[in-house]
1. In degrees between 0 and 90, to the nearest 10, how far off the longest principal axis of the chain does helix 256-265 point, with axes built from Cα atoms?
2. How much length, in nm to one decimal, is gained on full extension between residue 275 and residue 44, taken as 0.36 nm per residue of separation minus their Cα-Cα distance?
3. At a Förster distance of 35 Å, what's the computed FRET efficiency of residue 247 paired with residue 314, Cβ-Cβ distance as r, to 0.05?
4. At 10 °C and 1.306 mPa s, what whole-number value in µm²/s does Stokes-Einstein give for the translational diffusion of the chain, with Rh from the Kirkwood sum over Cα pairs?
5. Please give the contour-minus-distance gain from residue 209 to residue 229: 0.36 nm per residue of separation, less the Cα-Cα distance, rounded to one decimal in nm.
6. Rank these for me by crowding, 216, 301, 277, 223, going from fewest to most other beta carbons within 10 Å.
7. Where does each of 209, 44, 111 land when they are ranked from fewest to most other beta-carbon atoms within 10 angstrom?
8. Shape verdict for the stretch 242-335, please, from the Cα gyration tensor: rounded (a/c under 1.5), prolate (a/b greater than b/c) or oblate.
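What follows draws every value from the coordinates through simple rules; no lab data is involved. In this text, all values refer to a predicted model and were calculated from it rather than measured experimentally. No Cβ is skipped: glycine too gets one built from the backbone with ideal geometry, and neighbour counts run over all protein chains shown.
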């Protein structure tokens, strides 16, 4: 596996991964779309807006030129917000990509227009020529950047590709497991953001641990139902990229999705919340995509549905809880 890596996206997650990969001995270029912010990153050697307190090694090349980040890179790592990926893909000239390069998505979301996962968008653009992989799991950028022990999963259709990437990304504080279940790994990382929004709503309402336990357990059941319909393996969603990421995103103080939900639960309106944020809460977009995808496929996802209604249909949090608790009684589904 080539050791020159282009990281596309200089938010907190892209920066944290660039630092990790550089410290693992790779030659890394970090792409920032806005030239003025790229200049600031080069000057400060710190991403003070999105990952404050983490120094960017001198060996990382920071650039606002896509061609500089892509040319000669054996691995292209995408770490932009999901809503920006289609636009970024359109900007890439395939002739700049190194023959045999692997394209890795570290983005957790479902496209709002096509209802496709991020790796599907990348594959549609470049998959006939290049391999596509995904990186996901419980991994807040704030903690990875500070070398907190973290475990994630890399998945590719060819397990040998996943195992090669596993060696590139793994280090003293970042343990990577390999998988060939691309759908399961990617879907868990996306849908858990919707459940985390709902967890925040419960926090904002002042509800307790019983409610949280019910939400997370039944939320995982919804993830599995959608996963099975799309071809994912249940055991994948039981692992780091499903259960693990669900736990960290629902419970962590770093979780932007949980924080947005908490403000909703306290009565704030979504437009005001989003206008006050510098960083992206992927679950907001994914709540819409997930709801429409589940509806299209005929998959029952009541928590996702009520979260969608709170976000986009002005449903009251109390009304959503009442709707969930009043559903028809049934046997517990355990798989």
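1. Taking the Cα atoms of the chain, the angle to 256-265 is about 30 degrees.
2. Here the segment from residue 275 to residue 44 would lengthen by 80.5 nm.
3. Approximately 0.70, to the nearest 0.05.
4. Answer, rounded: 79 µm²/s.
5. So the extension gain works out to 4.2 nm.
6. So the ranking, lowest neighbour count to highest, is 277, 216, 301, 223.
7. Going from least to most buried by this count: 209, 44, 111.
8. prolate
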